[in-house]
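Structure first, then comments.
The values are calculated or read from the model by the stated rules, or taken from the named source; none is laboratory data. Since the structure is predicted, the reported quantities are computational estimates derived from the model, not experimental observations. Reconstructed Cβ throughout: ideal geometry from the backbone, glycine too, with neighbour counts over all protein chains shown. When the accessible area is computed, the model is the full protein with side chains, heavy atoms only, and any ligands, DNA or RNA have been set aside. Shrake-Rupley method; radii C 1.70, N 1.55, O 1.52, S 1.80 Å.
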Amino acid sequence: MLRLDNISKTFNENTANEMKLFKEFNLKVEEGEFVCVIGSNGAGKSTLLNLITGNIYSDKGKIYLDKEDITNKKEHERCKDISRIFQNPSMGTVPSMTIFENLSMAKNKGEKMGLSFLANKKDRKLFKERLERLNLGLENKLDTAVSQLSGGQRQSLALIMSTFTNPKLLLLDEHTAALDPKTSEIIMEITARIVEEKNLTALMVTHNIDHALKYGNRIIMLHRGNIVIDLEGNMKKDLNKEQLLGLFKDISDRSFFS
Ligand SMILES: Nc1ncnc2c1ncn2[C@@H]1O[C@H](COP(=O)(O)OP(=O)(O)OP(=O)(O)O)[C@@H](O)[C@H]1O
């Protein structure tokens, strides 16, 4: 379970560029929820993820993960429990290393390891099994450098890596935005399958309205650092694209005149 309590965040305080983004912001995500986060440019979506990972700190408020207060924990301490996949497929993997080496790192996340991990035969079998399930033929490329893979193959590897040790929270940061439409669909299907099979708690930022409607059990819309739409269960299921775009337009129009 993730909880943000009364979070406030101002950028460039007391300067001409002051930007009060979050003011007493609250969000609670239950265990096993898959939340799609949408909103226009500058709404605060990336900042929200940055606050959760500890990439930036809030000015006020508390963040809890599984009831643990992680507000003052450093980013490298949080990353044992929180995995994040970025838009750029190169960011979730080490391109100069092989698939096997990348997966070895993911398996040993948070552990101290020596070079002996490179020769583990049991791991090869385990990695092949995991990769086979992607249906992309990566199981036959264990010794291929990741730099030689396509963007979609890298992103699927990043997904396997970031969920290898069942993180308490998976953050998907527009992770299909840099892919062509067909590959983007494949990666979304793989994402949804992994989230469901591992019963992960996930937050997915996306500009793709179709994905936001199709995947996850809850949808929230951010606008100027506020949650302006929060629908789950059947309310989300019954929502169609026209309705969502209509709500989006209403909110934008209203704030334009405010
Ligand atoms: N480090 C920073 N310093 C100053 N301002 C920042 C910083 N990070 C974000 N902001 C500002 O906060 C606001 C929200 O930015 P954020 O990147 O969170 O929006 P977003 O919803 O992710 O937008 P997009 O969809 O364009 O990625 C923007 O006005 C942005 O300029």
Item to check | Reduced Cα scattering model of the chain, Debye log10 I(q)/I(0), q = 0.07, 0.11, 0.14, 0.17 Å⁻¹ | outcome: -0.26, -0.64, -0.99, -1.35
Checklist entry - Which value, in debye to the nearest 20, describes the size of the charge dipole of region 31-78 about its Cα centre when Lys and Arg Cβ atoms bear +1, Asp and Glu Cβ atoms bear -1, and nothing else is charged? => result 200
Item to check | Contour minus Cα-Cα distance for LYS28 and THR165 (0.36 nm per residue) | outcome: 47.0 nm
Checklist entry - Spin-label point model (7 Å from Cα, Cβ direction): what's the ALA177 to LYS60 distance in nm? => result 3.0
Checklist outcome for this item: With +1 at each Lys and Arg Cβ and -1 at each Asp and Glu Cβ, the charge dipole magnitude of region 49-159 around its Cα centre, to the nearest 20 debye, comes out at 180
Next on the checklist: Charges at C-beta only: +1 for Lys and Arg, -1 for Asp and Glu. How large is the resulting dipole of region 162-258 about its Cα centre, in Debye rounded to 20?
Outcome noted: 180
Checklist entry - Hey, what number do you get for the chain at 222 nm if only DSSP H runs of n ≥ 4 count, each worth -39500 (n - 2.57), divided across all residues, to the nearest 500? => result -10500 deg cm²/dmol
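To the nearest whole percent, what portion of all C-alpha pairs in region 175-258 is separated by more than 23 angstrom?
Working: 1007 of 3486 pairs.
That tail contains 29 percent of the Cα-Cα pairs.
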Checklist outcome for this item: Checking region 16-63 for GluC sites (Glu not before Pro) in a loop per DSSP with at most 11 other beta-carbon atoms within 10 Å yields GLU18
Checklist entry - Which order do TYR215, TYR64, TYR57 take when ranked by solvent-accessible area (1.4 Å probe, heavy atoms of all protein chains), largest first? => result TYR57, TYR64, TYR215
Checklist outcome for this item: Once both label points are put 7 Å beyond Cα along the C-beta direction, the ASN17-LYS125 separation in nm becomes 5.6
